[in-house]
Amino acid sequence: MRKPVQSRRTIIPDPKFGDVTIAKFINQLMRRGKKSVAQRVLYNAFDVISEKTKNDPLQIFDLALKNVAPVLEVRPRRIGGANYQIAIEVRPERRQTLAMRWILAAARARKGLPMAAKLSEELTAAARKEGAAMKKREDIHRMAESNRAFSHFAR
């Protein structure tokens with residue numbers, strides 16, 4: 001028998017902006033339970049964004065998440081001894097989580113700068129629809145588009 005569905009935990013909004021999305025981003029940015037370090041890195045990245053672009057960093061953050069969030073993804077499905085990559089639509093919660101994960105992975109992959117600078121560059125690039133996180137999204141969409149012929153296997 002299956003286990004009962006667990007209820008989702010409520011995430012407390014971040015202390016500076018009072019935004020749950022930023023709190024989720026901080027939680028994903030956090031390493032080894034050091035939340036204060038993750039907050040400092042993100043807030044410093046926001047300061048760098050506001051200095052360089054002269055825009056509100058919250059708007060750039062939201063735009064970057066919206067641009068990177070995937071609409072489609074491929075999931076493997078075994079049918080009659082063969083594995084097919086089936087294109088399916090992404091749920092909104094997963095869409096946001098994947099966008100955050102890809103932005104952070106792209107920022108961590110950059111070399112030679114402090115994390116706040118790398119994160120600010122990746123967020124501004126994603127807001128302009130550029131950068132490694134956007135490339136990841138385009139690759140996923142391209143794969144989903146090429147495997148659209150198998151979409152009739154989806155339940």
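Structure summary
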read-out	value
Failed criterion for residue 35 (all others in (1) more than 18 Å from residue 108 (Cβ to Cβ); (2) surrounded by fewer than 18 Cβ atoms within 10 Å (Cβ to Cβ) hold)	(1)
Residue within the range 133-145 that is under 22 Å from residue 47 (Cβ atoms) and in a helix (DSSP H, G or I) present	yes
Residue identified as of a type in the set (D, E, K, R) and part of a helix (DSSP H, G or I) among 101, 77	101
Lone qualifier among 55, 83 - being out of contact with any Cys (no Cβ under 8 Å at 6 or more places or on another chain), exposed (fewer than 13 other Cβ atoms within 10 Å of the Cβ) and either at pLDDT below 95 or among the hydrophobic types (A, V, I, L, M, F, W, C) (or both)	83
Single unsatisfied condition, residue 43 versus (1) within 20 Å of residue 98 (Cα to Cα); (2) of a type in the set (Ser, Thr, Tyr); (3) at pLDDT 95 or above	(1)
Flag if residue 133 is surrounded by 14 or more Cβ atoms within 10 Å (Cβ to Cβ), out of contact with any strand residue (DSSP E or B) (no Cβ under 9 Å at 6 or more places or on another chain), closer than 17 Å to residue 49 by Cα and of a type in the set (Gly, Ala, Ser)	no
Scan of the range 81-113 for residues that are over 28 Å from residue 148 (Cβ atoms) and in contact (Cβ under 8 Å) with a residue 60 or more places away in the chain, ordered by number	104
Members of the range 31-74 found to be of a type in the set (Lys, Arg) and in a helix (DSSP H, G or I), listed by number	35, 40, 52, 66
Failed item in (1) more than 19 Å from residue 139 (Cα to Cα); (2) crowded, with 20+ Cβ neighbours inside 10 Å, with residue 117 passing the rest	(2)
Hits in the range 91-108 (condition: crowded, with 19+ Cβ neighbours inside 10 Å and among the aliphatic types (A, V, I, L, M))	98, 99, 100, 103, 106, 107
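The values are calculated or read from the model by the stated rules, or taken from the named source; none is laboratory data. Bear in mind the structure is a predicted one, so any value in this text is a computation, not a measurement. Quick reminder, even Gly has a Cβ in these numbers, built from the backbone with ideal geometry, and neighbours come from all protein chains shown.
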